[in-house]
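Below you'll find the structure, written out as C-alpha cells, and then a few comments.
Laboratory data are not the source of any read-out in this text; all were calculated from the coordinates shown. Computed from a predicted structure; not experimentally measured. A quick note on method: Cβ atoms are made from the backbone with ideal geometry, for glycine too, and the neighbour counts reach across all protein chains shown.
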Amino acid sequence: MNRIITKATQIVAATLIVFGFSASITAVADHHGMKPKTVNIVDTAVAAGDFSTLAAALDAAGLVSTLQGDGPFTVFAPTDEAFSKLPAGTVENLLKPENRDQLIAILTYHVVPGKVMASDVVNLSQATTVNGADVAIEVVGNSVRINDATVVATDVAASNGVIHVIDTVILPN
C-alpha cells in the first residue's frame with residue numbers, strides 16, 4: 001500500500017464545494033489523470049493523496065478488499081487533516097491489532113450502502129451506515145453536516161460508488 005501512496009498524485013480535494021459545483025471535482029480529478037468512474041473507491045481515495053490515514057486504517061481493519069468490491073457504497077471520507085484532529089495517539093492506538101473491532105466499527109460508520117449522491121443527501125435527515133448505526137444529516141445554508149463533520153467535497157465518482165469528503169472523523173455512539 002505504501003507503494004501506491006508514494007505514487008499517488010496530489011489533488012486539491014478539500015475545496016469547499018457548494019452542491020452545484022460538484023462537476024469541478026471531476027474536472028480536477030480528470031486534470032490530474034484520475035479516472036474516477038473506472039477506479040474503485042479505495043484507489044480513488046489513495047490517488048487523491050489526502051487520505052493516507054484512511055487508507056492505512058482500512059488496511060489495518062481488513063476492509064480494503066470490501067471497498068474495492070462491487071458495491072455500490074457511499075463513503076464519507078475523512079481527510080488526513082480530519083484524522084489529525086483526533087486526540088494525540090488515537091490513530092496509532094486504533095491501528096493496533098487488538099483494537100481492530102473498534103476500528104472496523106468506526107470505519108463502517110463512514111459507509112452507507114448504495115450510491116447516495118449530493119442531490120440525494122440534501123433530502124435526508126439521517127442515513128443508516130454499514131455499521132448499523134444512523135448518521136445525522138443536516139443542511140445548513142450551503143453546507144451539509146454529517147453528525148459533527150462538514151462535507152467539503154461531494155460526488156467524487158468511483159466505479160463502485162461515490163465519495164463525499166468530510167473534515168472530521170465521525171464516531172459512533
Please report the net charge: other residues with Cβ closer than 11 Å to the Cβ of ALA56, K and R +1, D and E -1. -3
In nm, what is the difference between 0.36 nm times the number of residues separating ASN93 and ALA133 and their Cα-Cα distance? 12.1 nm
Cα-based Rg of the range 98-137 per 2.2 N^0.38 Å, rounded to two decimals? 1.30
Tell me, in nm to one decimal, what length is gained between ARG100 and LEU86 on full extension, where the rule is 0.36 nm per residue of separation less the Cα-Cα distance? 3.3 nm
Taking 30 Å as R0, compute the FRET efficiency from the Cβ-Cβ separation of ASP148 and THR38 and round it to 0.05. 0.35
